Amino acid sequence: MLKNGNITGFRRNLKLNDVGNQMYQLISELYPICRSITGNGFRESLKVIKKSIPLEIHEVPSGTQVFDWTVPKEWNIKDAYIKNLKGEKIVDFQESNLHVVSYSVQIRKKISLAALKEHLFTIPDYPDWIPYRTSYYKENWGFCLSHNQFLQMQDEEYEVCIDSSLEDGHLTYGEYYLGGESSDEILISCHACHPSLCNDNLSGISLATLLAKYLSQLSLRYSYRFIYIPGTIGSIAWLALNEHQVGRIKHGLVLTCVGDPGKSTYKKSRRGDAEVDKAAIHVLKHSAQDHEIIDFFPYGYDERQYCSPGFNLAVGCLMRSQHGQFPEYHTSADNLDLVQPPYLGDSFSKCLSILHVLENNKIYLNQNPKCETQLGKRGLYKAIGGQKDSGLNQMAILWVMNLSDGSHTLLDIAQRSGMAFDVIKNAADALLEADLLRCC
Amino acid sequence: MLKNGNITGFRRNLKLNDVGNQMYQLISELYPICRSITGNGFRESLKVIKKSIPLEIHEVPSGTQVFDWTVPKEWNIKDAYIKNLKGEKIVDFQESNLHVVSYSVQIRKKISLAALKEHLFTIPDYPDWIPYRTSYYKENWGFCLSHNQFLQMQDEEYEVCIDSSLEDGHLTYGEYYLGGESSDEILISCHACHPSLCNDNLSGISLATLLAKYLSQLSLRYSYRFIYIPGTIGSIAWLALNEHQVGRIKHGLVLTCVGDPGKSTYKKSRRGDAEVDKAAIHVLKHSAQDHEIIDFFPYGYDERQYCSPGFNLAVGCLMRSQHGQFPEYHTSADNLDLVQPPYLGDSFSKCLSILHVLENNKIYLNQNPKCETQLGKRGLYKAIGGQKDSGLNQMAILWVMNLSDGSHTLLDIAQRSGMAFDVIKNAADALLEADLLRCC
Amino acid sequence: MLKNGNITGFRRNLKLNDVGNQMYQLISELYPICRSITGNGFRESLKVIKKSIPLEIHEVPSGTQVFDWTVPKEWNIKDAYIKNLKGEKIVDFQESNLHVVSYSVQIRKKISLAALKEHLFTIPDYPDWIPYRTSYYKENWGFCLSHNQFLQMQDEEYEVCIDSSLEDGHLTYGEYYLGGESSDEILISCHACHPSLCNDNLSGISLATLLAKYLSQLSLRYSYRFIYIPGTIGSIAWLALNEHQVGRIKHGLVLTCVGDPGKSTYKKSRRGDAEVDKAAIHVLKHSAQDHEIIDFFPYGYDERQYCSPGFNLAVGCLMRSQHGQFPEYHTSADNLDLVQPPYLGDSFSKCLSILHVLENNKIYLNQNPKCETQLGKRGLYKAIGGQKDSGLNQMAILWVMNLSDGSHTLLDIAQRSGMAFDVIKNAADALLEADLLRCC
């Protein structure tokens, strides 16, 4: 493919509405699929993504040892229901794949309400919502249903059926590598193991996919690696299988929960002051929107693995509402109403801005470090001195010249001057053009 | 003696009421004795303490050069009074040993009120209280009395008598060494040179003594050295005589003013960020009580000597109301009413908690540093994922695993996670038990 | 000249009223002269200064290359006016030298109001004030006038005359070197290129000159270099010509805008934590007056050149109202009413205090670092202990002894103790006197 431009130009011409709508479109297509940490639902989802980007599909056999963990058996499901005495399906997997506890083993039997109750999960506080439950590492079965459904169940015998299989197979993940000028990599990671949940799962997938699609058309400084993995076991498996090349990852972002109306949140890497942390904080601070910066803590999403002490990668997490902090979290209310194109587009824009900073965050050398350069004779200074208004860009030019001493990146200059990265970058571009700066 | 447990277990079963009462009991027994920086009152006090712990008594001869100072002559006193013309003792040492300026030389003579006034000390602002005064390094004599007593004195001739001696003798101090696993020491220092003053003197003595008594029954990581010294000249003498082994002192606390109703105060060591400073600050911050942390300054108690630049030991000072900051300070109102068992017990508890942190503040190594350990298969994680409530201990477990990289102590982990040291320690204990951590 | 004392004694006996009046007197004498970055006005100004101090005058030929800049042609002016049809001079250089744009080329012609307007500058917001404008690096001509004058101009033909010359000549600057004990230098720099502007220009000149005059009578630790230069091109030329000896400059101050009623302002050097920064901040904080400390930014006065990355000198800027931040800035209202002797004297005092700190900011070594020194036997401690009031000086003595470990300057001690430098210095002097400190 002909590379037609860089991230700066792309960003300038970006139509956020269009991107937000494309993200929402992809989410809508993926929504009905019943994903889990293994199985055909995961594969089917990767196939949908592959329509946008040339994803490589990897299959890791069940039983593979990955650090302290073992790749589990593969789980697949065809159908599931609870029938009452009249033969009516009062809970039906075909209506919502959340109705079955993920990794439920096969079952078909008659059972009293009392015995069945131990396998039923509801949310009394939100009686219309179906909870999302899993039992990956302990063989079990169960149904999730709304509390109102549950309250209508009579004290009678029920027929329960879960037509699932749990057998040796594979853990599947998708990977897309996009080569750049340098072999240093930026890792973009999203989990794709949740069934019909939009914000927690599909929003991150859609952001990663649209990013990958558009970045693939650009000339890039860094190489990018996008991975679509089941949460926890997926990132552990990926790290175990790719341990030899993890050193190339210079920056990384876990993307999740980026489509809801909540304010943007950045959770720092374990290092706390990595370049990606500074870039993300800068972008959110200059977004003129309410936002939140939170310190790393060893819970949440796959940053837990990337930031484990044996790796300690510079990987942060970009979200809107946080893991477990919004009521719709892990319920059927995390649906196509919760995520909306404007929020998705805004998250795309912020993520792109973070990457824009990383792509352009270079160190330059002032070619005339002793005293100021005479900017006037190069058309970079006002001809008539003594006037009161000195434009913003002129200050940026002075800042870039003053701090381009080999020890300040453009982001450092932006931070010290209090100016936006873009304003500093524009100044640096003008100075490079005039041969007053040299790349370090 | 059979060592029956460690500090953690002792702390768990501690009955603070009992300890507070024992401390108050000891204070009551020591209260009537007329102590000074040398002399038999000091010796008698050590004898009382020796009933609780096997104190070694040291005698340093008068005239011994200790750094820039010289051990003074020994002072002893039998009696002292002021008689009026009628022969009535209007000021009587037998009623309060504060009535005589400490180190007053022998005197017996008739004297006019005018001449006597130059040797009388009162506190006009607190007319019922007797002040406490000393004249260690300049030979002099004087009486302290309540301002009301003073106002009743007629303009007549008085007979003054101070039956004291100031002769070559010794400076006495007590020391108790308690060996632990390591020869690294924790120094506990208290001054014992004030006569009938409870908070400023006896409370610190009682805290040190009860601590020593109980710690002696436990298996300890550190060795402990308890010293009972006269203020200033005592710590100077001790440091001069023990200079060769001062390097073993890794942490230390000066204990004083720990029995009054004021809030707990910790004065940092000169280093400011020593481990004992962090431990004390952590304990006070997690005490759920009002407290105060103050920076080191070169005034106060014996921390002045331990923190002189030539030693710069990691010694802080634990108090309630501060040196010179409560009205009863250095007056007869610093008596058995000012200190109370509940405050004494609370100070004991905080001091013990600080030692508990120091005893247990180790660095551990996560044995599976690459990605998270699978806690579930070891019974350390909930079997069913996806639930909202993740218990506090589980977060502690994750924090300990994430930060046990060889560069974080448990206290560092507590600080970074915002959790209490005990919660972090419990998590570490569980992980050690499961062989997931190794001691560094 | 016989050196009769040091800066401490001079400062103690200083009569600020007298100094303020002398500064105002010098400003008044310099005010009428038409200065620019080159030319006879600049030379005439240096001659006036030379009456106070033995200034060396340097002449740098036009065309000399100084780093990225070229010394411009020399500009001189005899007269200038705008005449109306009646032959009345409606704008007259003889009334105010601000009426002509500095560096205006020679012109004499008839011109319509419409054409003339492109060469006229006013300040509509302050209709009575004449603006100050320059066109150093682009050949042009123009007049500045009050907006009210401008509004009265009829739509008629005018005669404009600027009798100026712009020819090869010299850039002139003045320099005064005052040798001290050490060859390490303190640089005092002020710009002297503005015509009749008092605060922005003459106040800095007067402060530098009076400082130089008085310091020349004292025994000094540092050598001092006072330079009177045209702004920007002057400091660039000076740095280019003196590059080999710039390493001697240990501290420096740019002095400007020090005569108006605004609060004192210190702009930090690019380093931000240089000794001169700490000294200036300390002096302003302990001045008991409102003040402002601002971070370095690459705009303002000649600190821009001293703090360019190739030099990065420890040069800050002392002002009252800041560059461009007061309405009178670069207008005819920056006149003999705006600056007043009390503000000038106060700025002198603060500048002197900063130099006082630098002159005396030494590191001492406690000669008895182990435990406290017995101050009592040396008359440095109260004889009777136990009293509540411990004077300020006694705490200063304890602080100096405690921190004089070879790694704290007196200013460090002042900062950590929260006490004023003078109080700390007095304590150190007493301790030096008693042989308890030694110079490091």
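Every read-out reported here was derived from the displayed coordinates using simple, explicitly stated rules and does not represent laboratory data. Being a predicted model, the structure only gives us computed values, none of them experimental. FYI the Cβ positions are ideal-geometry reconstructions off the backbone, even for glycines, and counts take in every protein chain you see.
The table below gives the values:
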item	result
Long-range HN-HN contacts of C:D184 with modeled amide H, under 5 Å	C:S223
Which of A:M395, A:M23 has the fewest Cβ neighbours within 10 Å, and the rest in rising order	A:M395, A:M23
Per the axis that maps chain A onto chain C, nearest residue of A (Cβ criterion) and its distance in Å	A:D273, 11
Distance (nanometres) between label positions extended 7 Å along Cα→Cβ at C:K377 and B:V48	3.2
Gaussian network model of chain A, springs between alpha carbon atoms under 10 Å - residue of A:S206, A:S196, A:S182 with greatest fluctuation	A:S182
Cβ-based net charge around A:G247, under 10 Å, with every Lys or Arg adding one and every Asp or Glu removing one	-1
Rg(Cα)/(2.2 N^0.38 Å) for the stretch C:51-116, N = residue count	1.63
Neighbour net charge for A:C161 - beta-carbon separation under 11 angstrom, K R +1, D E -1	+2
Percent antiparallel among DSSP beta bridges (both partners in chain B, rounded to 5)	60
Estimated distance in nm for a label pair at A:Q367 and C:Q94, the labels positioned 7 Å out from Cα along Cα-to-Cβ	5.2
Fraction of antiparallel bridges per DSSP, the protein assembly as shown only, in percent to nearest 5	65
GNM flexibility winner over chain B from B:S45, B:S112, B:S203 (Cα, springs under 10 Å)	B:S112
Within straight-line cross-link reach of B:K51, lysines at Cα separation under 19 Å, skipping those fewer than 8 residues along the same chain	B:K213
Simple spin-label estimate for C:L85 and A:N13 in nanometres, 7 Å along Cα-Cβ	6.0
Globularity index of the stretch B:176-278, i.e. its alpha-carbon radius of gyration over 2.2 N^0.38 Å	1.09
FRET efficiency, C:D290 to B:E156 (Cβ-Cβ, R0 45 Å, nearest 0.05)	0.15
Label 7 Å beyond Cα on the Cβ vector: A:Q245 copy-to-copy distances, nm	6.2, 6.2
Hypothetical label at C:I57: residues of the stretch C:212-250 whose amide nitrogen lies under 15 Å (7 Å Cα-Cβ projection)	C:228-230
Global geometry of the stretch B:248-344, whether rounded, prolate or oblate, following the gyration tensor of its Cα atoms and the 1.5 cut on a/c	oblate
Gaussian network model of chain B, Cα within-10 Å springs - most flexible of B:N335, B:N17, B:N368	B:N368
When the protein assembly as shown is reduced to its Cα atoms, the Kirkwood hydrodynamic radius in Å	38.1
Length released on extending from B:K78 to B:E243, taking residue separation times 0.36 nm less the Cα-Cα span	55.8 nm
Neighbour-count ranking [beta-carbon atoms within 10 angstrom, fewest first] of C:Y266, A:Y299, C:Y228	A:Y299, C:Y266, C:Y228
Net charge over other residues, Cβ less than 13 angstrom from the Cβ of A:K3 (K, R count +1; D, E count -1)	0
Amide hydrogen neighbours beyond the local backbone of A:T265, cut-off 5 Å, H modeled	A:E292, A:M319, A:R320
Span from the the stretch C:394-440 Cα centroid across to the the stretch C:261-286 one, whole angstrom	22
The stretch C:1-59-the stretch B:188-257 distance, computed between alpha-carbon centres (Å)	64
Label distances, nm, A:P54 versus same residue in remaining copies, Cβ-directed 7 Å point	8.3, 8.3
Positive-end residue, chain A charge dipole about Cα centroid, Cβ charges, pick of A:S347, A:S235, A:I413	A:I413
Shape of the stretch B:1-142, Cα gyration tensor, a/c cut at 1.5	prolate
The protein assembly as shown - mean residue ellipticity at 222 nm from DSSP helices (-39,500 (n - 2.57) per run, n ≥ 4, rounded to 500)	-9000 deg cm²/dmol
Across the identical copies, how the B:Q25 labels are spaced - nm, sorted shortest first, 7 Å along Cα→Cβ	8.5, 8.5
